[in-house]
1. Would it be correct to say that Lys220 is within 16 Å of the ligand (Cβ to nearest atom) and assigned to a loop (DSSP other than H, G, I, E, B)?
2. Taking the condition of being surrounded by 18 or more Cβ atoms within 10 Å (Cβ to Cβ) and not in a loop (DSSP other than H, G, I, E, B), how many residues in segment 7-19 meet it?
3. Restricting attention to segment 106-124, which residues are farther than 19 Å from Glu169 by Cβ and under 32 Å from the mean Cα position of the chain (by Cα)?
4. For segment 37-54, indicate whether the set of residues that are open to solvent by less than 10 Å² (accessible area, probe 1.4 Å), farther than 15 Å from His91 by Cβ and of a type in the set (Ser, Thr, Tyr) is non-empty.
5. Taking the conditions exactly as written (within 16 Å of the ligand (Cβ to nearest atom), of a type in the set (Val, Ile, Thr) and modelled with pLDDT of 95 or more), does Val146 satisfy them or not?
6. Taking only pairs six or more apart or across chains, which ones have beta-carbon atoms under 8 Å, a first residue in segment 199-218 that is at positive phi and hydrophobic (A, V, I, L, M, F, W, C), and a second residue that is in a loop (DSSP other than H, G, I, E, B) and open to solvent by 40 Å² or more (accessible area, probe 1.4 Å)?
7. Being open to solvent by 10 Å² or more (accessible area, probe 1.4 Å) and small (Gly, Ala, Ser) is the filter; apply it to segment 240-281 and report the residue that is farthest from the ligand (Cβ to nearest atom).
8. Residues that are touching a Phe, Trp or Tyr at 6+ places or on another chain (Cβ under 9 Å), at least 2 per element: which strands (runs of 3 or more DSSP E) completely within segment 447-541 meet that?
Amino acid sequence: MTQMLWWQTGVIYQIYPRSFKDTTGNGIGDLSGVIEKLDYLSDTLGVDAIWLSPFYPSPMADFGYDVANYVDVHPMFGDLQTFDELVLQAHRRNLKVIIDLVPNHTSDQHRWFVESRASRENPKRDWYVWRDARPDGSPPNNWLSVFGGSAWEWDQATQQYYQHSFLKEQPDLNWRNPQVKEAMFDVVRFWLERGVDGFRIDVAHYIMKDPDLRDNPPNKAHEAQIHKSLGAYDSQIHLYDKGHPDAHQVYHEFRQLLDEYSHDQPRFSIGEVHIFDWPVWASYYGKNLDEIHMPFNFTLLGVKWQARVVRSLVDRLEAVLPAGAWPNYVLGNHDEPRFASHLGMEASRTAAMLLLTLRGTPTLYYGDEIGMTDVSIPVEKRQDPWGKRVPGLGRDPQRTPMQWTSGLNAGFSTADPQALWLPLSPDYQRVNVAVELNDPRSMLNLYCSLLTYRRSHLSLQTGAYQPLDKMPEDVFAYVRRAQGFPGILVVLNFASAAVEAQLPGEWVGRLVLSTHMDRGGEIDLQRLNLRAFEGLLIELDA
Ligand code: NOJ
């Protein structure tokens with residue numbers, strides 16, 4: 001067996017820096033706050049890598065996904081020295097550092113765009129997508145912005161439209177111009193040289209569009225094209241405004257660049273690729289596994305939470321993966337409602353066991369490990385531009401401050417509570433790290449136990465996945481086994497009623513962990529009783 005790398009055996013933890021830990025008292029989290037919490041991440045929780053959402057200089061129209069300078073740190077978050085210290089301290093603790101790369105668009109305040117919009121003759125004009133109006137003055141085509149309205153903004157001064165897949169403050173770069181690629185690859189080099197271990201690539205599949213900018217066809221049934229409805233954006237089939245296969249060449253070269261820097265330190269990339277056509281999604285691994293190391297697998301998001309449905313997704317993924325490609329799973333991120341809110345607290349414990357025992361790299365979203373839920377944000381405190389433009393699609397509820405203690409601002413910040421960038425969850429005195437560490441059966445202790453066990457068992461990190469048939473309808477069960485190691489059996493009850501499962505007659509095992517955290521030891525596998533929403537982790541005898 002080839003040696004597995006850190007991004008295959010490890011667990012990634014996503015930090016939304018604004019919301020993690022504020023050390024300056026301004027109500028917004030910062031990089032020193034991340035440094036302060038590294039011991040929690042590496043020792044208490046036991047994850048292997050952190051992914052930092054953008055911390056770059058930005059006017060914050062989209063909270064950092066509008067980058068005004070790719071090679072610096074927003075003063076609100078710290079500076080390059082703070083970042084270097086973060087990498088140093090993370091590496092001392094054996095934690096890898098993954099940063100967010102936003103290649104599809106810049107901020108309209110980025111100097112590249114400022115130059116580009118200065119005149120039609122500007123050498124950087126072609127770094128963005130500029131087009132004339134149609135004869136009637138309307139935009140060049142019918143493309144829509146994900147965040148609502150047309151994807152084209154009129155520039156009065158130079159009398160042309162520019163294209164933006166998201167806000168008008170986030171103009172799309174023209175990746176068909178080789179200078180753009182070179183400039184972005186220089187950005188990548190800058191961070192690789194500062195020691196980062198990997199990149200999460202924002203909307204990786206958006207960078208290449210139809211070169212003829214053809215109109216998208218209508219989506220007559222208006223059905224969602226990813227795991228959730230996106231409002232008016234769903235009125236079209238997004239055939240031409242993203243996902244053009246020319247992106248593969250870019251990611252192939254990007255991979256070569258990462259590989260050049262991988263001799264002593266394996267570097268990694270994970271792409272945000274919302275494509276539900278499995279083979280097209282899988283193509284981002286590259287024909288010879290020579291593009292993005294992994295496209296994020298978002299299929300568990302918003303899925304009907306039934307054993308049969310979840311199993312079929314896992315089986316499907318295993319079937320479509322190109323030979324040698326490594327799977328991954330996510331249950332949440334800064335764009336998605338928190339799963340504890342839609343599954344409920346009991347089923348989210350089963351979900352945690354699923355996520356941390358499937359074959360593939362799990363990515364955890366900050367706060368999910370303590371059972372944080374979506375927070376209803378009063379209108380006057382709402383921040384997310386998407387939610388302001390398209391009611392119902394706002395992402396503030398899942399971005400509220402991390403809950404560390406029962407004290408002031410949940411230990412997130414010393415600011416006046418009114419000054420927090422988003423309000424705290426009202427449940428913070430009950431749901432927080434300090435309280436949960438003292439409760440042996442808390443969600444946090446469940447995550448810690450799962451992560452500790454996973455870390456010390458190769459079968460869970462790298463072993464094969466074997467689903468079990470003939471299980472009761474609400475049960476999803478599988479065995480993970482690495483060659484030469486005992487198998488680990490995972491049995492998950494998705495239902496709110498107790499159920500009995502029967503494993504093959506000769507199987508013998510020992511219960512290592514129940515999601516209820518109240519039993520262990522010898523267990524009868526031929527009459528395996530599971531309580532409502534109970535998940536069991538069982539070590540099989542060789
Ligand atoms: C995807 C990011 O995850 C999201 O937060 C952002 O708003 C868009 N890309 C635009 O960058």
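1. Against the criterion (within 16 Å of the ligand (Cβ to nearest atom) and assigned to a loop (DSSP other than H, G, I, E, B)), Lys220 does not qualify.
2. Step one: list which residues in segment 7-19 are surrounded by 18 or more Cβ atoms within 10 Å (Cβ to Cβ), which gives 7-8, 10-19.
In the following step, the residues that additionally are not in a loop (DSSP other than H, G, I, E, B) were identified as 7-8, 12-15, 17-19.
Looking only at that region, the number is 9.
3. Taking segment 106-124 first, the residues farther than 19 Å from Glu169 by Cβ are 119-123.
The answer is none; no residue qualifies.
4. Scanning segment 37-54 turns up at least one residue that is open to solvent by less than 10 Å² (accessible area, probe 1.4 Å), farther than 15 Å from His91 by Cβ and of a type in the set (Ser, Thr, Tyr).
5. yes
6. Here the result reads Leu213/Tyr240, each pair linking segment 199-218 to a residue that is in a loop (DSSP other than H, G, I, E, B) and open to solvent by 40 Å² or more (accessible area, probe 1.4 Å).
7. Only one residue fits best here, namely Ser262.
8. 464-467, 475-481, 488-493, 509-514, 535-540
The values are calculated or read from the model by the stated rules, or taken from the named source; none is laboratory data. All of these numbers come straight from a predicted model, not from anything done at the bench. In this analysis, Cβ positions are derived from the backbone assuming ideal geometry, glycine residues included, and neighbour counts consider all displayed protein chains. For accessibility, only protein heavy atoms count, side chains too; no ligands or nucleic acids. Shrake-Rupley method; radii C 1.70, N 1.55, O 1.52, S 1.80 Å.
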